[in-house]
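**Q** Got a structure for you, questions after.
The values are calculated or read from the model by the stated rules, or taken from the named source; none is laboratory data. Worth saying up front: this structure is predicted, and the values here are computed from it rather than measured. Counting neighbours? That spans all protein chains shown, and the Cβs are built from the backbone with ideal geometry, glycine included. Surface areas here come from the heavy atoms of the whole protein model, side chains and all, with no ligands, DNA or RNA. Shrake-Rupley method; radii C 1.70, N 1.55, O 1.52, S 1.80 Å.
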Amino acid sequence: MNASLLAALKHRLPDLKLSTEPGDREHFGRDWTRRWTPEPLAIAWPGSVEEVRALVRWAAESGVAIVPSGGRTGLSGGAVAAAGELVVSFDRMKQVIAFNPVDRTLTVQPGITLQAVQDAAREHGLIYPVDFAARGSCQIGGNIATNAGGIRVIRYGNTRQWVAGLKVVTGTGELLDLNRALVKNASGYDLRHLMIGSEGTLGLIVEATLLLTDPPPDSNVMVFAVPAMDALMQVFATCRAQLTVSAFEFFTDRALHHVTRHGAQRPFESDSPFYVITEFDAGSQAQQDAALAVFERCLENGWVTDGVISQSEAQARALWRLREGITESLAPHRPYKNDISVRISAVPAFLHDMQELLAREYPHFDCVWFGHIGDGNLHINVLRPEGMPDAQFISECERVTKLLCEVLEKHGGSISAEHGIGLVKKPYLDTVRSAADIALMRGIRGVLDPAGVFNPGKLFDSTPPA
Ligand code: 2HG
Ligand code: ZN
């Protein structure tokens, strides 16, 4: 069956680069979730928009599912191919197509890494401000498909804010040119925004025009030791009132424990239950003085017990490593990940309920908290206790995630802030989206992808549960 399908594909598209090598199937069939066994039919590397269109038409006619593949750094199983799908990788489509200095846009192919986009923007004296630790491996097509967030959302917003135009191939092989990078465009539904965050279920992004902006003034980084959970938001309010903040992140002593064992330098001699890291404009003496004043104010009020301000770019990078290195340092424990959000104003009450829930339900588990607290977005990683079988660990975590959904419901939050729903959070989608919402999403998916080719089984099932 597989052999005849692939023979038919090769016959239709003789120049398409394809592989069924076990190493490729293993590599391209999974993302960072590592929960599913990769079982793709094959990997395809189209080299042009026309090849993508032809490939999609063939898949729709042949009933073959497609898993769009970016850098596969996702944490929700959105890029997993565990059911005989054809993985479509954009590794061969990674060029900068154009830079427009007047529009201040960069037009790129989907397979370009975030790092390469940032570098290309800098070559023109501008920045692409979306940023996160996976920048070297993740691809812009995947960033857009998941509306990726990251560490500077507090200042610059999510990926959505930076997408001026998109070209997308739908499930019938049609090519849509969405918004034409216009600043103003009041000509009906903005389908570009429907594509952003659709997790590869509505179309394949084959080109994106990204907005760029001016680089910020020089910045500094401060890390504070915070003695109590309640003080976190006091520190945040003080920083935000006095400084131009571009990042405000937190992590706990457990996160520090893991990241320092993984090579990061301890910031302070003594321990603290919480830490925050903030990046702020420090181009002028007045801005630097303001940072010192923030530190003193927080110290006087007992909101922080220690602090360090970067004195060089190298030190800023070393401090960032404390936060950016956490995910990698936890990876050997194959954690169960939660990526949740509440409104910023709900963070203090939510933190209390969460702490209480986790202490009650996971007394013997190592739960590591960190994240973008300035955006109301927390990452809670539950580490797999040594020796606990996979199935037991997952079912234990899923039981607690159901309880977590109740807490989220109470505080009006979301089960996914920036990682997407994919396969991992699919069972909980209906706790944060209404039945009417999901029915509408299902309808939209059916219109754009009538044969159900794109990422079936991800986000929600194409037919409602009986
Ligand atoms: C981060 O903020 C990423 O570092 C990964 O979103 C979060 O590993 C995680 O849970
Ligand atoms: Zn994050």
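**Q** Give me the net charge of P68's neighbourhood, meaning all other residues with Cβ under 13 Å from the Cβ of P68; Lys, Arg count +1, Asp, Glu -1.
**A** Computed value for this residue: -3.
**Q** My understanding is that a pair violates if its Cα-Cα distance is over 19 Å; which of K17/K167; K337/K458; K17/K94; K167/K458; K94/K167; K402/K426 do that in this structure?
**A** Cα-Cα > 19 Å for K17/K167; K167/K458; rest within.
**Q** Okay, moving on. Straight-line reach from K10: which aspartates and glutamates have a Cα under 17 Å away, not including same-chain ones fewer than 8 places off?
**A** E21, E50, E51, E61, E85
**Q** Output wanted: per-residue J couplings in Hz (rounded whole) for the stretch 257-265, from phi through Karplus 6.51 cos²θ - 1.76 cosθ + 1.60, θ = phi - 60°, x for Gly and Pro.
**A** 3J(HN,Hα) across the stretch 257-265, in whole Hz: 4, 6, 6, 6, 5, 9, x, 6, 8.
**Q** Read phi for every residue in the stretch 435-449 and hand back ³J(HN,Hα) as whole Hz from Karplus 6.51 cos²θ - 1.76 cosθ + 1.60, θ = phi - 60°, with x for Gly and Pro.
**A** Those phi angles translate into 4, 5, 4, 5, 4, 5, 4, 4, x, 5, 4, x, 6, 7, 9 Hz.
**Q** If R0 is 41 Å, what FRET efficiency do you get for R34 and S284 from their C-beta distance, rounded to 0.05?
**A** 0.30
**Q** Percent of accessible area on the chain owned by carbon and sulfur, 1.4 Å probe?
**A** 51 percent
**Q** Counting Lys +1, Arg +1, Asp -1, Glu -1, what net charge surrounds G47 among other residues with beta carbon under 12 Å of its beta carbon?
**A** Net of charged neighbours comes to -1.
**Q** Okay, next question. Hey, for a label at K17 modelled as a point 7 Å past Cα toward Cβ, could you say which residues of the stretch 189-226 have their backbone N under 18 Å away?
**A** 206-207
**Q** Quote the FRET efficiency, to the nearest 0.05, computed for E386 versus E50 with a Förster distance R0 of 51 Å and r equal to the Cβ-Cβ distance.
**A** The computed FRET efficiency comes out at 0.50.
**Q** A further question on this structure: For every helix of n ≥ 4 consecutive DSSP H residues, a contribution of -39,500 (n - 2.57) applies; sum these over the chain, divide by its total residues, and give [θ] at 222 nm rounded to the nearest 500 deg cm²/dmol.
**A** Using -39500 (n - 2.57) per qualifying helix, the result is -11000 deg cm²/dmol.
**Q** How long are the semi-axes of the equivalent ellipsoid of the stretch 382-421, defined as square roots of 5 times the Cα gyration tensor eigenvalues? Whole Å, largest first.
**A** Equivalent ellipsoid semi-axes, largest first: 24, 12, 8 Å.
**Q** How far apart, in nm, are two points set 7 Å out from the Cα along the Cα-to-Cβ line at R180 and at H333?
**A** For the pair R180/H333, the computed spacing is 5.3 nm.
**Q** From the square roots a ≥ b ≥ c of the eigenvalues of the alpha-carbon gyration tensor of the chain, which class results: rounded (a/c under 1.5), prolate (a/b over b/c), or oblate?
**A** Taking the square roots of the gyration eigenvalues as a ≥ b ≥ c, the chain is prolate.
**Q** Considering only the other residues whose Cβ falls under 13 Å of the Cβ of E398, what net charge follows from Lys and Arg at +1 and Asp and Glu at -1?
**A** +3
**Q** Could you list which residues have their amide H under 5 Å from that of R72, counting only those 5 or more apart in sequence or on another chain, with H placed in the peptide plane?
**A** Residues meeting the criterion, in which the H sits 1.01 Å from N, are Q139.
**Q** Just to verify a number: FRET efficiency for K402 and V102, C-beta to C-beta distance, R0 = 35 Å, to 0.05?
**A** 0.10
**Q** Measuring with a 1.4 Å probe in the full set of protein chains, what accessible area per residue, in whole Å², belongs to the chain?
**A** 44 Å²
**Q** Another question, if that's okay. Does the stretch 1-138 classify as rounded, prolate or oblate by the C-alpha gyration tensor (a ≥ b ≥ c root eigenvalues; a/c under 1.5 gives rounded; else a/b over b/c gives prolate, otherwise oblate)?
**A** Verdict is oblate for the stretch 1-138.
**Q** Could I ask something else about it? GluC sites (Glu not before Pro) within the stretch 358-409: which are DSSP loop residues with at most 11 other Cβ atoms inside 10 Å?
**A** Sites meeting the loop and neighbour criteria: E386.
**Q** Right, something else. Using modelled amide H (1.01 Å from N, peptide plane; none on Pro or chain starts), what sits under 5 Å from the amide H of V221, excluding residues fewer than 5 places away?
**A** It is S310, by chain and number.
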